[in-house]
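**Student:** Here's a structure for you.
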Amino acid sequence: MDLVTPGFGLIFWTTIAFGILVLLLKAFAWKPILNTIKEREDSIDNALKSAEKAREEMKSLQADNEKILAEARAERDAMMKEGRDLRDKTIEAAKETAKIEAEKIITSAREQIELQKKAAMTELKNQVAALSIDMAEKILRRELSDAKQQEALINELLEDIK
Amino acid sequence: MRTTPIFSFLLTLLMTPLFAHQMPIPHDDHEEVTAQVPEIEEKEDVNDVIMHHISDAHDWHIFDWNNHAVSVPLPVILYTEKGLVSFMSSAFHHDDSGKEVVEKNGQRFVKYHEKIYYASSLANADGSYIDFDDEHHALNAKPLDISITKNVASLFVTIFLMLIIFLPAANFYKKNGSQKAPKGIASFVEPLIIYIRDEVALVNIGKKHYLRFTPYLLSLFFFVWLANMLGLMPVIPGGANLTGNIGFTMVLAIFTLLITNFNGKKDYWMHILWMPGVPVPVRLLLAPIEIVGILTKPFALMVRLFANMTAGHIVILSLISLIFVLETIWVSPAAVLLTVFIFVIKVLVAFLQAYIFALLTALFIGQAVEEHAHH
């Protein structure tokens with residue numbers, strides 16, 4: 001049967017033509033195409049990998065931020081607390097100082113009063129003494145006419161003073 | 001002529017349902033059939049037409065006009081006793097019965113059933129310059145025929161198409177580098193190339209060697225696919241039954257055979273010649289089987305592609321021929337619908353066979369380069 005008898009002509013031409021075709025395409029088509037596709041796949045791969053890395057970095061960065069924020073918050077709290085303490089202490093100290101000052105003022109006032117009182121007393125005594133002398137003068141002027149009576153009077157007065 | 005029993009059986013099987021009632025099953029030599037059943041001459045013609053359509057020819061027939069064949073003449077190249085001789089096939093004036101003698105370089109040639117013979121010195125009773133034996137086989141000597149036949153021309157067309165598809169595609173990549181998405185023809189071929197590389201080469205051959213064989217597999221796949229598709233085209237530049245020609249499939253199978261065996265690793269040959277892990281008598285038994293297996297694998301490749309494409313062509317032509325066989329126009333809707341149906345299937349088969357050829361080639365190469373873990 002002709003159908004299953006390979007003809008020499010076609011075998012001859014197919015061998016040559018297909019052989020050349022494979023070599024031609026290998027050199028000028030498949031190599032550049034496959035290489036470029038490979039390159040592209042690699043670059044896509046790399047891009048994906050670096051994106052993943054960036055995402056990871058972002059994540060760690062975010063975590064860092066969180067930490068820093070927390071630290072800042074803690075520091076602020078600490079500072080505020082310190083401030084409050086300082087204020088309280090200052091107030092306390094001021095109060096203390098005020099108290100001491102007040103006491104000092106009171107004490108000195110009291111001393112002043114005492115002094116004034118003493119001065120007043122002295123004044124009063126002097127006044128009284130003056131009044132007494134005045135009174136005594138007046139009495140003396142009236143009673144001087146009688147020596148005896150004078151004597152009696154003087155003694156009486158002296159007695160009173162004692 | 002020798003026939004493969006398997007193929008005869010296959011062809012018979014194919015033709016039986018279609019031709020059982022209309023015509024005798026075609027035999028090795030249709031002259032025989034004519035002798036046996038001369039009364040169905042008209043129907044026998046259909047068989048002739050089909051066989052003519054799927055065989056090779058020396059000119060590229062386009063259509064008939066007023067009983068005149070309109071065809072593209074192709075160069076005839078003969079390696080004769082006196083060296084190379086060439087002329088255009090139109091010199092035979094469409095004669096295929098050995099009546100028209102072409103004289104060239106002092107030699108005389110006739111064409112009989114698309115074969116070129118040295119013409120006999122005298123014409124026989126029919127007027128043809130061929131001597132026949134009792135079984136109507138030509139006795140004349142034949143020069144070595146390396147003509148650009150229809151199939152060879154179709155082969156060149158296929159190769160031309162391959163080049164104008166893939167060289168510009170490659171140019172795109174060369175020009176644009178890897179940082180640009182494929183466009184145009186490149187975007188069409190890239191998914192297929194990646195598919196062949198990843199699903200055919202990589203899967204079957206393995207990571208270590210696959211890149212070495214990918215160019216061959218790509219060439220094979222696209223070449224067979226394009227040739228198949230061109231074979232489905234009814235008119236020039238298609239219409240030749242290139243991939244349904246056993247000579248063509250044989251060459252491809254031999255390429256695969258050579259590539260497979262030249263790349264066979266130690267393990268591959270060990271498994272063929274001295275199968276490890278089995279007793280010695282079994283090894284002795286297996287070795288011849290495995291050695292035959294080297295040849296049967298590509299042989300199956302050859303027959304598979306050839307039979308698939310030829311069978312498809314025969315089915316399509318048979319369905320169309322139903323109109324002429326039954327001699328009624330009323331069968332044409334059914335015939336045309338069925339033909340369209342088969343045609344669609346053929347488009348699928350054209351791809352599938354190319355894929356299977358590449359896949360099995362990859363599989364064989366994979367087996368050859370595989371390095372086994374120690375047993």
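**Student:** Say we join alpha carbon atoms closer than 10 Å with springs in a Gaussian network model of chain B; which of B:I54, B:I291, B:I205 then has the biggest fluctuation?
**Tutor:** Comparing B:I54, B:I291, B:I205 in the GNM, the peak value goes to B:I291.
**Student:** Now, a different point. Order the following by accessible area, largest value first: B:L284, B:L122. Probe radius 1.4 Å; ligands, DNA and RNA are ignored. Walk me through the numbers on the way to the answer.
**Tutor:** Working: B:L284 110, B:L122 130 Å².
The ordering from most to least exposed comes out as B:L122, B:L284.
**Student:** Provide the FRET efficiency to the nearest 0.05 for the B:I329-B:D45 pair, computing r from the beta carbons and using R0 = 22 Å. Walk me through the numbers before you get to the answer.
**Tutor:** Working: r = 18 Å, r/R0 = 0.81.
Here the calculated transfer efficiency is 0.80.
**Student:** Binning at 5 angstrom from zero up to the longest distance, how are the C-alpha pair distances of the range B:268-320 distributed in percent?
**Tutor:** All Cα pairs considered, the percentages come to 4, 18, 17, 12, 10, 9, 8, 7, 6, 5, 3, 1.
**Student:** What number, in nm² with one decimal, is the all-direction average of the projected area of the convex hull of the alpha-carbon atoms of the range B:233-375? Let's see the in-between values first.
**Tutor:** Working: hull surface 46.5 nm².
It is 11.6 nm².
**Student:** Grab the beta carbon distance between A:F8 and A:A54, set R0 = 41 Å, and tell me the FRET efficiency rounded to 0.05.
**Tutor:** Details: r = 65 Å, r/R0 = 1.59.
With a Förster radius of 41 Å, E is 0.05.
**Student:** I'd like the accessible area for B:Y129, computed on protein heavy atoms only with a 1.4 Å probe and all protein chains in place. Round to 10 Å², please.
**Tutor:** 60
**Student:** Same structure, new question: If you count only protein heavy atoms and use a 1.4 Å probe, how large is the accessible surface of B:K180, to the nearest 10 Å²?
**Tutor:** Number for this one is 90 Å².
**Student:** How many Å² of accessible area per residue for the range A:4-161, probe 1.4 Å? Write out the running numbers ahead of the final one.
**Tutor:** Working: 12790 Å² over 158 residues.
Averaged over the residues of the range A:4-161, the accessible area is 81 Å².
**Student:** Report, as an integer, the average count of C-beta atoms from other chains found within 10 Å of each Cβ along B:169-176. List each step's numbers first, then the result.
**Tutor:** Values: counts 3, 11, 4, 3, 10, 5, 1, 1.
That average works out to 5.
**Student:** Rounded to the nearest 10 Å², what accessible area does B:S97 have for a 1.4 Å probe in the complete protein model?
**Tutor:** It works out to around 40 Å².
**Student:** Okay, next question. What order do A:M135, B:M309, B:M233 take when sorted by accessible area (1.4 Å probe), most exposed first? Please report the intermediate quantities before stating the final value.
**Tutor:** Values: A:M135 120, B:M309 0, B:M233 75 Å².
Accessible-area ranking of A:M135, B:M309, B:M233, largest first: A:M135, B:M233, B:M309.
**Student:** Another question, then. Pop out the Kirkwood hydrodynamic radius of the protein assembly as shown from its pairwise C-alpha distances, inverse of mean 1/r, in Å to one decimal.
**Tutor:** Numbers: mean 1/r = 0.0309 Å⁻¹.
For the protein assembly as shown, inverting the mean 1/r across all distinct Cα pairs yields 32.3 Å.
**Student:** How large is the convex hull of the C-alpha atoms of chain B per residue, in Å³?
**Tutor:** Values: hull volume 76.4 nm³, N = 375.
Each residue corresponds to 204 Å³ of Cα convex hull volume.
**Student:** Is any residue of the range B:298-314 close enough, with backbone N under 15 Å, to a label point placed 7 angstrom from the Cα of B:L337 along the Cα-Cβ axis, and if so, which?
**Tutor:** Inside the label zone: nothing.
**Student:** Here's a follow-up. Return the equivalent ellipsoid semi-axes of the range B:320-375 as a descending list in whole Å, where each equals the square root of 5 times an eigenvalue of the C-alpha gyration tensor.
**Tutor:** Numbers: eigenvalues 441, 18, 9 Å².
Here the semi-axes work out to 47, 10, 7 Å.
**Student:** Right, next: How much of the accessible area of the protein assembly as shown, in percent, comes from carbon and sulfur atoms when a 1.4 Å probe is used?
**Tutor:** On the way: 20560 of 32010 Å².
Answer for the protein assembly as shown: carbon and sulfur cover 64 percent of the accessible area.
**Student:** Which shape class, rounded, prolate or oblate, goes with the range B:90-205 when its Cα gyration tensor gives a ≥ b ≥ c as root eigenvalues, a/c under 1.5 marks rounded, and past that a/b bigger than b/c marks prolate? Present the calculation step by step, with values, prior to reporting the outcome.
**Tutor:** Working: a/c = 5.04, a/b = 3.12, b/c = 1.61.
Prolate shape, in that a/c is at least 1.5 and a/b is the bigger ratio.
**Student:** Go ahead and set up a Gaussian network model of chain B, Cα springs under 10 Å, then flag whichever of B:A287, B:A227, B:A201 fluctuates most.
**Tutor:** The residue with the greatest mean-square fluctuation here is B:A287.
**Student:** Further, regarding this structure: Between B:F223, B:F172, B:F156, where does the largest GNM mean-square fluctuation fall for chain B, given springs only between Cα atoms within less than 10 Å?
**Tutor:** Judging by the Gaussian network model, the answer is B:F172.
**Student:** Along the Cα→Cβ direction, 7 angstrom out, place labels at B:L284 and A:K117. What is the inter-label distance in nm?
**Tutor:** 14.9
**Student:** Something else about it: Distance cut-off 27 Å, Cα to Cα: go down the list A:K26/B:K297; A:K31/B:K266; A:K31/A:K53 and report the pairs above it.
**Tutor:** Values: A:K26/B:K297 25 Å; A:K31/B:K266 29 Å; A:K31/A:K53 32 Å.
In this structure, A:K31/B:K266; A:K31/A:K53 lie more than 27 Å apart at Cα.
**Student:** For the range A:112-162, just say rounded, prolate or oblate: build the C-alpha gyration tensor, square-root its eigenvalues into a ≥ b ≥ c, call rounded for a/c under 1.5, and beyond that prolate if a/b exceeds b/c, oblate if not.
**Tutor:** Oblate, because a/c is 1.5 or more while a/b does not exceed b/c.
**Student:** What per residue convex hull volume, in Å³, comes out for the range A:4-161 when only alpha-carbon positions are used?
**Tutor:** Details: hull volume 24.4 nm³, N = 158.
Per residue, the Cα convex hull of the range A:4-161 comes to 155 Å³.
The values are calculated or read from the model by the stated rules, or taken from the named source; none is laboratory data. Quick caveat: nothing in here was measured; it's all calculated off a predicted structure. Reconstructed Cβ throughout: ideal geometry from the backbone, glycine too, with neighbour counts over all protein chains shown. Calculation scope for accessible area: heavy atoms of the full protein, side chains included, ligands and nucleic acids excluded. Shrake-Rupley method; radii C 1.70, N 1.55, O 1.52, S 1.80 Å.
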